[in-house]
């Protein structure tokens, strides 16, 4: 597992999971909605989710894809008390839902305050890295970096991603355009090039990585 689970012991993670209520979310189901009260957090046990935010101008931004071992919804607890984005299941998910008061009490009882601060700091740094990427990299590298970033939750499972395995990213092309900060026409041209090189395949509402090694080469420039 990744995220918070890799920063604490297995016993601590399992205890956090145990104090919540187990819920299952089918593909396409929203776990949290932007603007709703931040009254709980979720510990993601299985599956992947995407995090999207609509800004003041109505633009949709794809902020992240999270996988097993991730803590979801903690930012709202320490901000204005509202959800900063909408979290939707890319795959069937299982998550432990913990009320805000219960979560903060358990974190305090386990002495995990500093770990939680480091986790949130990591999230802020991740956002800064993405902004720098959008400002500095050409279109092909932006797309490759975005695709790689959102395959990372797949790499933390027991088997991980095997060499030669086809990887379904679980994102629509428009969402990838949001993530890479590109116009649809520019994205389409770059995806055509990646398809021609045998690096990706595209279908109805999906992007599949067919050569992960070559995609990493594109990202590195």
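The values are calculated or read from the model by the stated rules, or taken from the named source; none is laboratory data. None of these values were measured; they are calculated from a predicted model. In this analysis, Cβ positions are derived from the backbone assuming ideal geometry, glycine residues included, and neighbour counts consider all displayed protein chains.
Having 2 or more residues that are farther than 19 Å from residue 122 by Cα and at pLDDT 90 or above is the bar; report the strands (runs of 3 or more DSSP E) wholly within region 38-105 that clear it.
40-46, 86-89, 93-99
Could you list, in sequence order, the residues of region 174-210 that are surrounded by 15 or more Cβ atoms within 10 Å (Cβ to Cβ), touching a strand residue (DSSP E or B) at 6+ places or on another chain (Cβ under 8 Å) and within 17 Å of residue 149 (Cβ to Cβ)?
Within region 174-210, 175, 176, 178, 179, 191, 194, 199, 200, 207, 209 qualify.
On the basis of being surrounded by fewer than 18 Cβ atoms within 10 Å (Cβ to Cβ), within 20 Å of the chain's Cα centre (by Cα) and at pLDDT below 90, does residue 156 make the cut?
The answer is yes for residue 156.
Which residue, of 102, 141, 118, 131, is surrounded by fewer than 18 Cβ atoms within 10 Å (Cβ to Cβ) and free of Cβ contacts under 8 Å to residues at least 40 places away in the same chain?
Residue meeting the stated conditions: 131.
Among the residues of region 73-93, what is the count of those that are more than 15 Å from the chain's Cα centre (by Cα), surrounded by fewer than 20 Cβ atoms within 10 Å (Cβ to Cβ) and touching a residue at least 40 places away in the same chain (Cβ under 8 Å)?
So the count comes out to 4.
How do the pairs read when you match residues in region 169-198 that are farther than 23 Å from residue 91 by Cα with residues anywhere that are outside any helix (DSSP H, G or I), using Cβ under 7 Å and keeping only pairs 6 or more apart or on different chains?
191/200; 191/202; 194/200; 195/201; 195/202; 198/210; 198/211
Scan region 105-115 residue by residue and report those that are surrounded by 13 or more Cβ atoms within 10 Å (Cβ to Cβ), over 16 Å from residue 70 (Cβ atoms) and either touching a helix residue (DSSP H, G or I) at 6+ places or on another chain (Cβ under 8 Å) or in contact (Cβ under 8 Å) with a residue 60 or more places away in the chain (or both).
Of everything in region 105-115, those that are surrounded by 13 or more Cβ atoms within 10 Å (Cβ to Cβ), over 16 Å from residue 70 (Cβ atoms) and either touching a helix residue (DSSP H, G or I) at 6+ places or on another chain (Cβ under 8 Å) or in contact (Cβ under 8 Å) with a residue 60 or more places away in the chain (or both) turn out to be 106, 110.
Could you list all residues from region 108-141 that are within 30 Å of residue 213 (Cβ to Cβ) and at pLDDT 90 or above?
138, 139, 140, 141
Here are the criteria: (1) without any contact (Cβ under 8 Å) to a residue 40 or more places away in the chain; (2) under 19 Å from the mean Cα position of the chain (by Cα). Tell me which single one residue 44 does not satisfy.
(1)
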